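Notes to accompany the following structure.
None of the figures in this text is laboratory data; all of them are computed from the coordinates on show. What you see is a predicted model; the values in this text were computed from it and never measured. Glycine also receives a Cβ, built like all others from the backbone with ideal geometry; neighbour counts cover every protein chain displayed.
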Amino acid sequence: MFRRVLVVFLAMGLLVVPGTAVAVQAEASLPDEPRAERGDEALARGILVRTENPTRTTLRAFDEFLPLSQALLRAEQVAQEPGVTWAEPDLVLGPSDITIPNDPLFDQQWSLWEGGSTDDVSVRAPLIWGIDSGDPGVVVAVIDTGVAAHPDLAARVIAGYDFVSDIAMANDGNGWDANPADPGDWISQADINSGEFSSGCDLTASTWHGTHVAGIIAAQWNNEYGISGAAPNVTVQNVRGLGKCGGTISDIAAAIRWAAGDTVVDELTGIAVPMNPTPADVINLSLGGASACTKTMADAVSTARALGSVVIAAAGNEAAPVSSYLPANCPGALAVAATDATGAQASYSNFGVTAGQIFIAAPGGGGGRGILSTDNTGLTSPAQPDFDVKAGTSMATPLVAAAAALIASSGVTGPGAIEQQLGAAVRSFPVTGGQDCTLVTCGAGLLSFDLLAAAIALDGERGTVRGRNGVLVDGTTLGLPEGELVTPYTKFPGETSYTRGVGVRRVSVVSDTRGEFTWQRRTGKKIYVYFRSASGEQSKRVIIPA
């Protein structure tokens with residue numbers, strides 16, 4: 001039998017094996033508001049400054065959070081500087097900005113929202129969901145073991161392609177095909193004795209690794225069932241590149257290129273597979289192997305970036321330098337390190353030795369605290385949908401992919417622009433007294449979804465807002481009270497209802513001042529906007545033309 005096995009890849013993150021009894025620890029009850037924002041006045045973390053020559057918006061961060069009144073004074077001073085077009089406080093989202101879904105297991109998802117525990121360090125996802133929960137038109141390709149059927153994924157996952165060519169590894173009776181569903185990747189003693197698999201394969205139940213990763217990104221939210229994904233309204237495309245005992249460089253590289261929209265030819269048949277009708281904005285690679293970056297993998301990552309896909313890769317779980325593990329060490333791939341629930345570098349996480357080898361860090365679990373996501377009860381073939389915890393850089397990577405998808409949902413396009421804003425949406429690593437992260441070992445910082453709000457707004461168009469006797473938006477006066485937080489509601493042509501905060505930054509209407517709001521427009525489409533104040537007053541509708 002012709003074999004294309006070159007280097008075996010393993011799914012990263014299998015530190016907790018499904019089928020093993022694992023207790024999901026209950027978290028403290030959710031607070032009414034985050035600790036950083038308690039008080040009567042909104043807080044700002046810095047001043048957003050617009051300059052010309054070159055035209056750009058930059059953040060001048062404060063040493064500490066300041067009340068809005070003080071931040072406004074500083075912004076007025078900055079606005080007087082030569083070359084400054086405007087300056088405004090970079091507000092921290094207030095209590096009304098916390099969007100807690102009704103999914104019953106959400107309070108166990110400490111990686112998304114710490115829920116008041118002084119020990120947990122999460123990505124603070126509810127602080128962005130009121131502004132941006134994702135656009136279904138944004139696609140994240142999950143190249144993994146495939147995705148098993150699950151009620152919490154049914155509305156969010158679309159079919160891609162199966163690129164596992166080896167019949168034994170594929171475990172579905174054929175090679176490349178149009179069905180990427182996960183048939184199970186268990187390894188039995190008979191499999192080991194058969195000689196069909198590499199000598200590194202161990203006895204294991206099916207991992208449902210791809211199902212778990214997909215749920216971290218986009219499990220359906222507010223459906224009173226299960227969990228919530230980190231970007232719950234984006235679309236996950238199921239692209240299978242791993243099977244029993246992993247996958248091969250040739251298959252995974254083909255999957256990357258196909259996911260990005262490239263033409264891929266099956267070498268066994270000489271026939272091109274059908275083109276991907278929904279090329280990915282983001283490609284998630286929760287997989288890896290010990291090797292320098294090969295030419296085949298480097299070419300695949302480069303091709304994907306050229307076609308417009310951001311490629312995000314797990315750093316690996318060997319507690320070793322990431323430079324020895326691909327695809328995270330390939331040029332253009334964004335390597336993700338994992339932190340535990342305290343924010344320290346996870347004990348298993350691969351790390352950087354020189355600056356830039358790791359792009360960013362995100363929660364991956366460890367120390368008995370795993371990441372809860374969608375799963376399956378089957379020890380071999382698929383059985384019943386389930387939820388379970390796993391830990392690894394595989395679990396950290398989809399959080400970063402979800403953040404990239406939220407940036408893409410706001411209208412930002414191109415890998416370079418998305419990566420720039422993603423790298424800015426970080427907070428400093430905490431001092432834990434353990435194995436603390438540094439800018440070298442864990443990258444630019446710890447991913448923080450609340451800081452995506454500023455990133456999302458940087459390239460938007462602007463409208464003007466006034467206080468009482470009315471709010472002025474593009475020449476239309478809207479009645480709203482002064483001095484209150486104002487929430488925008490938006491609707492695009494073809495949509496039947498308004499969505500709270502999607503694509504539009506919130507604004508505070510202050511007496512005797514003129515503030516500005518920013519929105520992201522879908523290219524060539526008009527947008528309908530109205531505003532609602534914290535006290536419940538609603539403005540007139542404004543139509544912003546294409």
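What number, in percent, do you get for the relative contact order of region 121-254 if the mean sequence gap of Cα pairs under 8 Å and at least 6 apart is divided by its residue count?
Details: 284 pairs, mean separation 52.4, N = 134.
Once divided by the residue count of region 121-254, the mean separation gives 39 percent.
Which order do Glu318, Glu88, Glu64 fall in if you start with the one that has the fewest other Cβ atoms within 10 Å?
Working: Glu318 17, Glu88 25, Glu64 7.
Fewest-to-most Cβ neighbours within 10 Å comes out as Glu64, Glu318, Glu88.
Report, by chain and number, residues whose modeled amide H sits under 5 Å from the one on Leu334, excluding near sequence neighbours (fewer than 5 apart, same chain).
Residues meeting the amide H criterion: Val311, Ile312, Ala313.
Of Ser347, Ser428, how do they rank once you tally other Cβ atoms within 10 Å and put the fewest first?
On the way: Ser347 15, Ser428 11.
Listed from fewest to most nearby Cβ atoms, that is Ser428, Ser347.
Under the Karplus relation 6.51 cos²θ - 1.76 cosθ + 1.60, θ = phi - 60°, what is the ordered set of whole-Hz ³J(HN,Hα) values for region 230-240, x standing for Gly and Pro?
Each residue of region 230-240 in turn: 6, 10, x, 10, 7, 10, 9, 9, 7, 10, 8 Hz.
Return the sequence-ordered ³J(HN,Hα) values of region 436-443 in whole Hz as given by the Karplus equation 6.51 cos²θ - 1.76 cosθ + 1.60 applied to θ = phi - 60°, using x for Gly and Pro.
5, 6, 10, 5, 7, 6, 10, x
Can you put Lys295, Lys244 in order, fewest other beta carbons within 10 Å first? Intermediate results must be reported in sequence, preceding the final value.
Numbers: Lys295 9, Lys244 24.
Lowest to highest Cβ neighbour count: Lys295, Lys244.
Take the alpha-carbon centre of region 419-444, take the same for region 200-275, and report the distance between them in whole Å.
28
Using Cα-Cα distances under 8 Å and only pairs 6 or more residues apart, what relative contact order does region 216-333 have, in percent?
On the way: 195 pairs, mean separation 23.7, N = 118.
Across region 216-333, relative contact order equals 20 percent.
Percent relative contact order of region 43-91, based on C-alpha pairs within less than 8 angstrom and at least six residues apart? Before the final figure, lay out each step's value.
Numbers: 93 pairs, mean separation 24.9, N = 49.
With pairs under 8 Å counted, the relative contact order is 51 percent.
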